[in-house]
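Participant: Here it is: the structure, laid out below.
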Amino acid sequence: MRLPERYDDSGLSGGSMERPGLRSLLADIDRGAVDQILVYKIDRLTRSLADFAKMVERLDAAGTSFVSVTQSFNTATSMGRLTLNMLLSFAQFEREVTAERIPDKIAASKKKGLWMGATVPLGYAADGRSLKIAEQDAEVIRTIYDLYLENRNTRVVIEAVDALGLKTLVRTLISGRIKGSACFSYRHICYILTNPVYAGRIRHHAKVYPAQHPPLIEPEVGDSIQDQLRSDSSKDRTFTKRNRKGTKASASPLTGRI
């Protein structure tokens, strides 16, 4: 008799067993409610040979077999089990090769200057595989850069931004929670000043490439600001070391390295 319930994990990868539909199916198998599983393709059940080996023990213990609609085998026979193992090996190989290709594809796309997703920086809006300027927010970014060029001090920039009443971008998360509309912190300002996107570039790990989107600041201005920030971070800092003879100021050995 066919069970009325469908075990559906639409949109979830077969490379993991952490799927609600699969967990429900395995629970029903353990309690003896299922004697045969009907699937469209074997890789819809799992694409991991190691995970399948774990499932086989539970299926055998419950006396459960399964049939693929589009593939001619049945696990009730020895030949069917052999065919199944071969198909799963290829499915796992395909999944692993695809996973290896994704980083290479992202690196190649960024080298061409394409925007590959993630959180869109303040001042821009997503435009396919590129970015377009959002003028209202872009003025906030230009103001922050102008303040730094005028004062050459990040702390002063934060105070000036607060005095102007500028706030971070309001974003609606996937969960529905509203985030943003807060005062700019030191971390926010540093991220904006060091982000190559605003100079019309794309960063991929340690490398930076020319991008296809329009810059908000001149690249030469961005370069001069980066030089200034690096110079500020490499200045000698001191810490106070106390001992019985009093205090002694010493240069931090990690300055400029971390």
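The values are calculated or read from the model by the stated rules, or taken from the named source; none is laboratory data. Quantities reported herein were computed from a predicted structural model and do not represent experimental measurements. Note that each Cβ is placed from the backbone with ideal geometry, even for glycine, and that neighbours are counted across all protein chains shown. For accessibility, only protein heavy atoms count, side chains too; no ligands or nucleic acids. Shrake-Rupley method; radii C 1.70, N 1.55, O 1.52, S 1.80 Å.
Participant: Where the accessible area of segment 94-171 is counted over protein heavy atoms with a 1.4 Å probe, how much of it, in %, is carbon and sulfur?
Facilitator: 50
Participant: Hey, what do the phi angles of segment 157-167 turn into as Karplus ³J(HN,Hα) couplings, whole Hz, using 6.51/-1.76/1.60 and θ = phi - 60°, x for Gly and Pro?
Facilitator: 4, 4, 5, 5, 5, 5, 5, 7, x, 6, 10
Participant: Still on this structure, please answer the following. Is there a pair in Lys41/Lys110; Lys41/Lys111; Lys132/Lys179 whose C-alpha atoms are over 30 Å apart, and which pairs would that be?
Facilitator: Long pairs (Cα-Cα over 30 Å): Lys41/Lys110; Lys41/Lys111.
Participant: Name the long-range amide H neighbours of Trp115: under 5 Å, sequence gap of 5 or more, or other chain; modelled H, no Pro or chain starts.
Facilitator: For Trp115, the qualifying residues are Ser130.
Participant: Further question: Can you give the net charge of the other residues whose Cβ lies under 13 Å from the Cβ of Ser181, counting K and R as +1 and D and E as -1?
Facilitator: +3
Participant: Out of residues 5 or more away from Lys167 or on other chains, whose amide H comes under 5 Å of its own, with H placed 1.01 Å from N in the peptide plane?
Facilitator: Amide H neighbours of Lys167: none.
Participant: Another one. Need one word for segment 95-138: rounded, prolate or oblate. Basis is the Cα gyration tensor (sqrt eigenvalues a ≥ b ≥ c); a/c below 1.5 gives rounded, then a/b vs b/c decides.
Facilitator: Cα axes put segment 95-138 in the prolate bin.
Participant: With an 8 Å Cα cut-off and a minimum separation of 6 or more residues, compute the relative contact order for segment 156-204 in percent.
Facilitator: About 29 percent, as a whole number.
Participant: Can you list residues whose amide H is under 5 Å from Tyr124's amide H, if they're 5+ apart or on another chain and H is modeled 1.01 Å from N?
Facilitator: Ala134
Participant: Can you work out the accessible area per residue across segment 123-220, with the rest of the protein chains kept in place, probe 1.4 Å, in square angstrom?
Facilitator: The answer is 60 Å² per residue.
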